[in-house]
1. I need every pair where a residue in the stretch 126-152 that is in contact (Cβ under 8 Å) with a residue 60 or more places away in the chain has its Cβ under 9 Å from the Cβ of a residue that is part of a helix (DSSP H, G or I) and open to solvent by 90 Å² or more (accessible area, probe 1.4 Å), sequence separation at least 6 or different chains.
2. Quick check on my filter: what residues within the stretch 153-176 are in contact (Cβ under 8 Å) with a residue 40 or more places away in the chain and in a helix (DSSP H, G or I)?
3. I need the full set of residues from the stretch 92-128 which are outside any helix (DSSP H, G or I) and open to solvent by 40 Å² or more (accessible area, probe 1.4 Å), in order please.
4. Please find, among 208, 177, the residue that is open to solvent by 50 Å² or more (accessible area, probe 1.4 Å) and among the aromatic types (Phe, Trp, Tyr).
5. Could you please tell me which pairs satisfy a Cβ distance under 7 Å, a separation of 6+ or placement on different chains, a first residue in the stretch 39-61 that is open to solvent by less than 70 Å² (accessible area, probe 1.4 Å), and a second residue that is not in a helix (DSSP H, G or I)?
6. List the helices (runs of 4 or more DSSP H) that sit entirely inside the stretch 1-88 and contain at least 1 residues that are under 23 Å from the mean Cα position of the chain (by Cα) and among the acidic types (Asp, Glu).
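The values are calculated or read from the model by the stated rules, or taken from the named source; none is laboratory data. Bear in mind the structure is a predicted one, so any value in this text is a computation, not a measurement. Don't worry about glycine lacking a Cβ; one is built from the backbone with ideal geometry, like all the others, and counts go over all protein chains shown. Areas reflect the complete protein model, heavy atoms only, side chains present, ligands, DNA and RNA absent. Shrake-Rupley method; radii C 1.70, N 1.55, O 1.52, S 1.80 Å.
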Amino acid sequence: MNMSEAKRVTEFILLTFPCSRDVQILLFLLFSVSYILTLMGNGAIVCAVKVDHRLHTPMYLLLANFSFLEICYINSTIPNMLTNFLSESKAISFTACFLQFYFFFSLGTAETFLLPLMAFDRYLAICQPLHYPTIMNNRLCINLVVLCWVTAFLCYPVPIYFITQLPFCGPNTIDHFVCDPGPLLALSCIPAPGIELSCSLLSSFIIFITFFFILASYTLVLRAVFHVPSGAGRRKAFSTCGSHLVVVSLFYGAIMMMYIRPNSGNPAGTQKIVTFVYSSVTPLVNPLIYSLRNKDMKAALRKIQKCTKISQD
């Protein structure tokens, strides 16, 4: 097949989780429930922060943005995956595949930027309590959040453009549930070690810089906590930091396994499991870990629930 014929590939086949029809229907039901719970949990946080003016503080504005990001994140992959469970063809167009690639990676990058920002907020609140209101005001918080979103969406257009220019020839089957660079590069007619290395280096740079920033922030936080005279105060601070570090460990552990080394080096089964963890499991558990254990958030959610009941009556 010559290059002009290779360029005619117009769609890819996303195998998702190859199994019998009955198992696929069962997976569809399980992932549908998980998807709905994720939307409800993160949506409740966004609504609570928007409605309750007491939560219009940097900490909760960051939580609301993080929850909104998680909603966008799962919508970049899960709806198409659910469709594939019931589809016979499991096809995705060339354009749709690379659009999914772009939004999936951009939103994932935005999460790696928001997590350090949340850690920095906690550092200021615990280590610089007297200066916190003047340093981290709502205006600065919003500006930093906008910067995170804009920067994240500017990171991958160039690498993705170069991948789209590669000649793709048969087979066009991707053993994954998302258009990921590793499987896509493996389908190219010609080897592209430069593009693969560039994607790996870019991902590694983003992951390591943000991870070490989080690590440094929480190291300073924990050092400050040890100097808190009150035992109850120390337990509360440890609880907050511990919850945040669980999310960070789950998310960063998964993406480091996937993107620090060249993607094609990971077996297909490992790629799917690890990708599922950070793209679907973490958005599901984040509301429980980050917010629903918080007293102010619980109070705001109860208030919304009461208002909903009154309006229905």
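1. Matching pairs, first to second residue: 127/223.
2. 153, 157, 159, 160, 163, 164, listed by residue number.
3. Selection gives 93, 128.
4. Working: 177 fails: open to solvent by 50 Å² or more (accessible area, probe 1.4 Å).
Answer to the selection: 208.
5. So the pair list comes out as 58/136.
6. Numbers: elements: 3-6, 21-51, 58-75, 78-86.
Per the criteria, 58-75.
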